[in-house]
Each structure stands twice: as structure tokens, then as C-alpha cells.
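A.B. asks: The following block contains the structure, expressed as C-alpha cells.
The values are calculated or read from the model by the stated rules, or taken from the named source; none is laboratory data. Computed from a predicted model, the values in this text were never measured in an experiment. Don't worry about glycine lacking a Cβ; one is built from the backbone with ideal geometry, like all the others, and counts go over all protein chains shown. Please note that ligands, DNA and RNA were not included when accessible areas were found on the heavy atoms of the full protein model with its side chains. Shrake-Rupley method; radii C 1.70, N 1.55, O 1.52, S 1.80 Å.
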Amino acid sequence: MCGIIAAIAQRDIVEILLEGLRRLEYRGYDSAGLTVINESGHAIRLRRLGKVQKLVEAVEHLSLVGGTGIAHTRWATHGQPSEVNAHPHISKHIIIAHNGIIENHASLRVKLIEHGYEFVSETDSEVVAHLIHWEQQMQGGTLSEVVLRVIPQLQGAYGIVVMDSRDPSVLLAIRLGSPLVIGQGIRENFIASDELALLPVTRRFIYLEEGDIAEVRRGHIKILNQNGKPVQRFGIKSNVQYDANDKGHYSHYMHKEIYEQPIAIKNTLTGRLKQDKINLSELGDNFKMLLNQVEHIQIIACGTSYNSGMVSRYWFESLANMPCDVEIASEYRYRKPAVRRNSLFIVLSQSGETADTLEALRLSKKLDYLGSLAICNVESSSLVRESDLALMTKAGIEIGVASTKAFTAQLTVLLMLVVKLARLHGMAAITEYKIVQILKKLPTRIEQILTQEKTIQKLAEGFYDKNHAFFLGRGDQYPIAMEGALKLKEISYIHAEAYAAGELKHGPLALIDENIPVIVIAPNNQLLEKLKSNIEEVRTRGGLLYIFTDKDAGFKANEKIKIISLPYVEELIAPIFYILPLQLLSYHVGLIKGTNVDQPRNLAKSVTVE
Ligand code: M6R
């Protein structure tokens, strides 16, 4: 999604802005731009369609130097990717960069055209620049005063940075629905949509809250609420580790992150398995009381995080006998949900900034839930800050747009939570003991499966000329089929669909022929015989089968059936295990097809607009 970085300093900030943009690249974008007020007080704007590198090259030709500026990476929502639609947008001396969506842009545009403004872009964002300019002309006042009058006129969700080229001593940051953070320096300050962009210049951050307007000067930061009243926000020291160039010996972040899963899981388990018990004391005593009361779990998430919630539903119900519903955030937030009695609201998210998930959390606060728990990978995120409780996945920063290590870390946390709940609701101590032993082996099991990469790489060659694929699973492997299909479509652009294998004969079987690969996740469990019947349905219709299974599951390979025999894994953790070969498969199909594996087209890492 769009990214913003802005700086106000005594030194030249051009390289800081460009480095910030490089660090925001992972979020996904289609164009980049910056405006810097140069030493002569002129606002110089440069924008380029495509990669940040193109902007860097354009800047090099200009020898641009300045102490106040805004830069942006745009992920198109309104108006196609183009130089003219790229940010910053300018209205005379007012310069803005905007993340999010202005929903009433069309009516504002009509009004502003009537006032004589000429629009040069198709974006919703340009109205913000003109509106600020118009308000300033009409009623005057400081930039904050003008912005305070403009905010009530804007509908939507946004993070905006504003600069007035006539007064380079101040930048204005507005947060309403899209995250913004202020990086504090010594007699210099910065604003960004993601703290990662600012790590080369500071580690001290103020996370703006919803409705905050920050007046950022070199030596002073003043934060106001929407009524213009000063509010206090404290700076926090961040320990986040990030090195944009550090892919190690890997060619892609996705590949590196697949291989980081053993350590991500180890870190996620560390401190939480004590004396052969699951220890979530980090949640405090109240949590235990809350768990005692829980009669229902409501999970809300998007994309890969939704798929991990779907796996956990099988665990909540089978291990803890706890009714559990899982729903996509973008649906949940717009219906009128009937809340079950004593229901705990769980939000799952890698980034903690997914707009739909955040809004669902906000809605839950108005409803009759026992409380909210975020399972998240980013400690400083809005989701963590706004939830009553949080359990962190310790996967480390995930840069690849395709989520891999965050997914398996989420499943690890969810399994621990299920066991904790199950113990309070009657699970025997010996069962908890056995599960802890299994969890301890999980990082090793993951390492073992990664040794199969060569086999999977070979397999990927068969997908080069394919346009469609099916993924089948049953039970807790059905959501793994969903996640496998999601990975394949986002990385390789092959249309992939997941089905609960028993559902095949209710429609999709009509599509099976020798051109469609059917990937089956078939561990040796109590559903194997049922699954074998579904596999037979595909085989007799000439389908091309790829079966990921145990050595002793009894499948025989032939020209139309490829068997991928995987090492032993305990049934309970099989979902965490079986996604690994599917991640590797998507990665290698993506490589063969020559896609941009780390930043697939049209996608963004952190989906901060709805
Ligand atoms: O940061 P979140 O977990 O909330 O993100 C949710 C989805 O946008 C995300 O999982 C998306 O589906 C990934 N690109 C999938 O690989």
C-alpha cells in the first residue's frame, strides 16, 4: 500500500527520503515521488512511474538539496498508475501526500472546480491539497487551524502529511484511519507511515492515535486532537531490527522467510513452554479469569491470517470443546453480528494495520464481547495498541508480500492458546504434557521438511504452462489447501482454488481434466480413506494429481499421479508442517514464471485501505 516519509531538519534530507522510500518498497506500490523545499525556498517535485530507483536516478540529475520535504510511494486506488497521479499533490504552495481513501472526493471535486480549481490528476487525494488551499485563502489561519477546518469535510480513512512551501519550518501530520508515526531526532524530526522507513535516522517514535494532528517542527512536536486541544503522546524506543539489503544468500525475501520458519517458531515458543506446561502469564491474571468465563471464540482476520484462524477452529473445537467462528474482517465489519454469550474476540494479523481487521476490532468494542485479544507480529501496531490483550508472534519482520513465517508463527501461538483454554475446560495434564513435547519438536520438523526443496523445485516445472489449479484437503488440512491456493495465485498468477475434498463432487468436479493440476494434502490420518475416494474421483476423470503425503499412506505413483512423500510429523502439528512444501511450490512456480516474487503485481504487504 502507499507509503509516506517526511522530514524536517537542518541538514539535507533528500537521501533520508529516498532511503525511506526504499524501505517502504516492500509494502507494494506502482509509482513514487517527492517534493523538497530547496535552499532557495522553492518546492521541487519529482515523480516517477515504477520503481523507486527511477526516482533516485531522476533526483541525481537535479542535485536537489533541502531541509524540509515529503516523499511517497503510491499504490493506485483512484486513477491508474501514472506519473501525474503519483504524489505529492500540489495546490499552489500547499503540498500533500496521502495514504488511504477520501470517499467523498467526487463531491469535493465538483465544489472545488466551481471555486476555480483545476484538477490535473484522477486521484481522490488531489482534493485534499486544493481544499486546504481554498480554506487558507478563505479564512486564513495557521496551517493547523486550516487543517482543523478541513478535516470535518473529509470522509474516509487517511494518513496525510501537509507542507506549505512558504513556511518550511513546519510539517503537519493527520492520522484518521491510516497509520502515521513520528520519528524523533535531535533538532530534527520525521514522519512516516511505517517506522521501518525511519530506522536509519532514529529509534525513538511517537505513534499517532486516531484523530491526532501533529505539528512537527525541527525542535518541537505539538499534537492536537480533532477539536484542536493539545494531547500528550509519549515517545517509545523501538527495538525493531531491519536491514533492507539483508537477504543473506537468498535471492528473495520470500525464500529467506520460508527458511526462517524454524527460528521464528522457536522464538515464538521461547518463554512460553515452562516446566512442560504452556505458559501465557504475559497476559496477566485477568486473562485466566477471562478464559474461565469464555464460552465462544470469534476470530476475525483477512487473507493468510484468516486461513490460520480457520485451522485453529478445528483445534478450538476438538481440543478445548470450545465453539469457534472465523470470519473475514471485510464482511464482519459491515453486518450486524449477533454476539454469542461470553464470547472472546480474537483478531489475527501479521502487520496489525490491516484496515478491515482494525475496523472489525473497533466494532467489537461496541458489542457485547468479553474482551479482545490480538495475535500479531508487530508490537507497535494499531491492532496491538487497541486490543485489550495481545500475544505476539515472534516471526521477525516479514518483508515478502506473501506471508509465510507469520502464518506458521500464528498457528503456533493459536495452538498454545487452545491448549491453555482446553486445560481450564477439562483437558488432562498428561495431554498438555504430550502437546508440549510435540511443540518442542516443531522447529526440527520444519527443518526436516525444508530438505525436500529440490524435489519441489522439480515439481514446479510442471506448472509453467498451467492456468488453473485445485488444492484439496480435509479437516484441518482444508484451510492449508486454502492457504496453498492463496500462495500460488499471489506469487505465480495462476488461478488456484481450494476445496474441502468432499465438496468436489458438488460442482467443481466438472472442471477436472488433464490440464488442471490437483494438489492434494493427504497426511496419514483418520480422514485418509475418505480423501482417497475423492482422489479416485479426480483420477478417473483424467486429473493430474500431486499428492503431498506420508511415506506409509499407501499411494502409488504413475504418469498422472505424482507422490511427494514427506517425513513423519505428529498429526496435531501437521497443518503447520504441510504448508511448507506448498509455500516452496508457489515460490518455485513464481521463479519459473518470472514474476516479482517479493512484490507481486497489484498487491501490498500491509493493506491499510479497505
Ligand atoms: O497483516 P495481515 O495479516 O492482517 O494481512 C492480511 C492479508 O492482507 C495478508 O495475509 C495477505 O493475504 C497476504 N499477502 C497473503 O500472503
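A.B. asks: Please work out whether region 291-375 counts as rounded, prolate or oblate from its C-alpha gyration tensor, where a ≥ b ≥ c are the square roots of the eigenvalues and a/c under 1.5 means rounded, while otherwise a/b larger than b/c means prolate and anything else oblate?
C.D. replies: In terms of gyration-tensor shape, oblate.
A.B. asks: What percent do you get for the relative contact order of region 41-124 when only Cα pairs under 8 Å and 6+ apart count?
C.D. replies: 28
A.B. asks: Let me ask something else. Can you tell me which of 456-466, 370-380, 549-559 comes out highest on packing, and rank the rest after it, using the mean Cβ neighbours within 10 Å? Please list the in-between numbers first.
C.D. replies: Values: 456-466: 15.9, 370-380: 23.0, 549-559: 12.9.
Going from most to least packed, we get 370-380, 456-466, 549-559.
A.B. asks: Give the dimensionless ratio obtained when the Cα radius of gyration of region 385-439 is divided by 2.2 N^0.38 Å.
C.D. replies: Ratio of Rg to 2.2 N^0.38 Å for region 385-439: 1.39.
A.B. asks: If you take the Cα Rg of the chain and divide it by 2.2 N^0.38 Å, with N the number of residues, what do you get? Provide the component values of the computation, followed by the final result.
C.D. replies: Numbers: Rg = 25.6 Å, N = 610, 2.2 N^0.38 = 25.2 Å.
Taking N as the residue count of the chain, the ratio is 1.02.
A.B. asks: Name the long-range amide H neighbours of Tyr546: under 5 Å, sequence gap of 5 or more, or other chain; modelled H, no Pro or chain starts.
C.D. replies: Correct list: Val518, Ile519, Val520, Lys562.
A.B. asks: Also, I was wondering about something else. Suppose R0 equals 41 Å. What FRET efficiency, 1/(1 + (r/R0)^6) with r the Cβ-Cβ distance, do Lys111 and Asp325 give to the nearest 0.05?
C.D. replies: 0.40
A.B. asks: Using only the alpha carbon atoms of region 2-72, find the Kirkwood hydrodynamic radius as the inverse mean reciprocal pair distance, in angstroms to one decimal.
C.D. replies: 11.8
A.B. asks: Which whole-Hz couplings ³J(HN,Hα) result when phi for each residue of region 547-553 is put into the Karplus expression 6.51 cos²θ - 1.76 cosθ + 1.60, θ = phi - 60°, listed in order with x for Gly and Pro?
C.D. replies: Calculated HN-Hα couplings, in order: 10, 8, 8, 7, 4, 9, 7 Hz.
A.B. asks: Do the sum for the chain: with -39,500 (n - 2.57) for every DSSP H run of n ≥ 4, divided by all residues, what is the mean residue ellipticity at 222 nm, to the nearest 500 deg cm²/dmol?
C.D. replies: Helices in the chain give a 222 nm mean residue ellipticity of -11000 deg cm²/dmol.
A.B. asks: Once R0 is set to 51 Å, what does the formula 1/(1 + (r/R0)^6) return for the Cβ-Cβ distance between Glu559 and Gln80, expressed as a FRET efficiency to the nearest 0.05?
C.D. replies: 0.65
A.B. asks: Order His425, His42, His87, most accessible first, counting only protein heavy atoms with a 1.4 angstrom probe.
C.D. replies: From most accessible down to least: His42, His425, His87.
A.B. asks: If you don't mind, another one. Which of the trypsin sites (Lys or Arg not before Pro) across region 295-341 are loop residues per DSSP, with 13 or fewer other Cβ within 10 Å?
C.D. replies: Sparse-neighbourhood loop trypsin sites (Lys or Arg not before Pro): Arg335, Arg341.
A.B. asks: For the chain, take the longest principal axis of its alpha carbons; what is the angle in degrees between that and the long axis of helix 126-139, to the nearest 10 within 0 to 90?
C.D. replies: Helix 126-139 and the main axis of the chain meet at about 30 degrees.
A.B. asks: Right, here's the next one. Taking all protein chains in place and a 1.4 Å probe, what share, in percent, of the accessible surface of the chain do carbon and sulfur account for?
C.D. replies: 49
A.B. asks: Could you tell me what fraction of 2.2 N^0.38 Å the Cα radius of gyration of region 423-581 comes to, as a two-decimal ratio?
C.D. replies: Cα Rg divided by the expected 2.2 N^0.38 Å: 1.08.
A.B. asks: Sticking with this one: To test your reading of the geometry: what angle, between 0 and 90 degrees and rounded to tens, separates the Cα axis of helix 355-365 from the longest principal axis of the chain?
C.D. replies: Helix 355-365 sits at roughly 80 degrees to that axis.
A.B. asks: Amide H to amide H under 5 Å from Asn279: which residues, 5+ apart in sequence or cross-chain, H placed 1.01 Å off N in plane?
C.D. replies: Leu273, Lys274
A.B. asks: Give me the angle, in degrees from 0 to 90, between the Cα long axis of helix 303-319 and the longest principal axis of the Cα atoms of the chain, rounded to the nearest 10.
C.D. replies: It works out to around 40 degrees.
A.B. asks: Just to verify a number: FRET efficiency for Arg601 and Lys229, C-beta to C-beta distance, R0 = 45 Å, to 0.05? Please list the in-between numbers first.
C.D. replies: Details: r = 44 Å, r/R0 = 0.99.
The value I calculate is 0.50.
A.B. asks: Now for a separate question. Which whole-number percent is the relative contact order of region 171-314 (Cα, under 8 Å, 6+ apart)?
C.D. replies: Numbers: 151 pairs, mean separation 21.6, N = 144.
The value is 15 percent.
A.B. asks: Can you list the residues of region 405-423 with backbone N under 20 Å from a point 7 Å past the Cα of Ile263, pointing along Cα to Cβ?
C.D. replies: 405-413
A.B. asks: Could you work out the relative contact order of the chain, using alpha carbon pairs under 8 angstrom and six or more residues apart, expressed as a whole percent?
C.D. replies: Computed value for the chain: 12 percent relative contact order.
A.B. asks: I've got another one for you. Rounded to the nearest whole Å², what accessible area per residue is found for the chain with the 1.4 Å probe?
C.D. replies: 39
A.B. asks: Place +1 on the Cβ of every Lys and Arg and -1 on the Cβ of every Asp and Glu in the chain, take the dipole about the Cα centre, and give the residue among Asn467, Tyr250, Thr549 whose Cα lies farthest towards its positive end.
C.D. replies: Value computed over the given set: Thr549.
A.B. asks: Report, by chain and number, residues whose modeled amide H sits under 5 Å from the one on Gly66, excluding near sequence neighbours (fewer than 5 apart, same chain).
C.D. replies: Ile13, Val14
A.B. asks: Over 23 Å between Cα atoms, which of Lys454/Lys487; Lys454/Lys505; Lys454/Lys556; Lys530/Lys556; Lys394/Lys420 qualify?
C.D. replies: From the list (Lys454/Lys487; Lys454/Lys505; Lys454/Lys556; Lys530/Lys556; Lys394/Lys420), the Cα-Cα distance tops 23 Å for Lys454/Lys505.
A.B. asks: What is the packing order of peptides 260-269, 515-524, 399-408, taking the mean over residues of other C-beta atoms within 10 Å and listing the highest first?
C.D. replies: Details: 260-269: 21.6, 515-524: 23.2, 399-408: 26.8.
Going from most to least packed, we get 399-408, 515-524, 260-269.
A.B. asks: Using the Karplus curve 6.51 cos²θ - 1.76 cosθ + 1.60 with θ = phi - 60°, work out ³J(HN,Hα) for each residue of region 484-494 in order, rounded to whole Hz, and write x for Gly and Pro.
C.D. replies: These are the phi-based 3J(HN,Hα) values: x, 5, 4, 4, 5, 5, 6, 8, 10, 6, 7 Hz.
A.B. asks: Could I ask something else about it? Express in nm, to one decimal, how much length is gained between Thr142 and Lys336 on full extension, taking 0.36 nm for each residue of separation and deducting their alpha carbon distance.
C.D. replies: Difference between extended and current length: 65.6 nm.
A.B. asks: In whole Hz, what ³J(HN,Hα) sequence does region 534-545 give by Karplus (6.51, -1.76, 1.60; θ = phi - 60°), x for Gly and Pro?
C.D. replies: 5, 4, 4, 4, 6, 4, 5, 9, x, x, 9, 9
A.B. asks: Once label points are set 7 Å from the Cα along Cα→Cβ at both Glu536 and Asn292, what is their separation, rounded to one decimal in nm?
C.D. replies: About 5.2 nm, to one decimal.
A.B. asks: Right, here's the next one. When the chain is fully extended, how far beyond the present Cα-Cα distance does Lys247 get from Asp285, taking 0.36 nm per residue of separation?
C.D. replies: 9.6 nm
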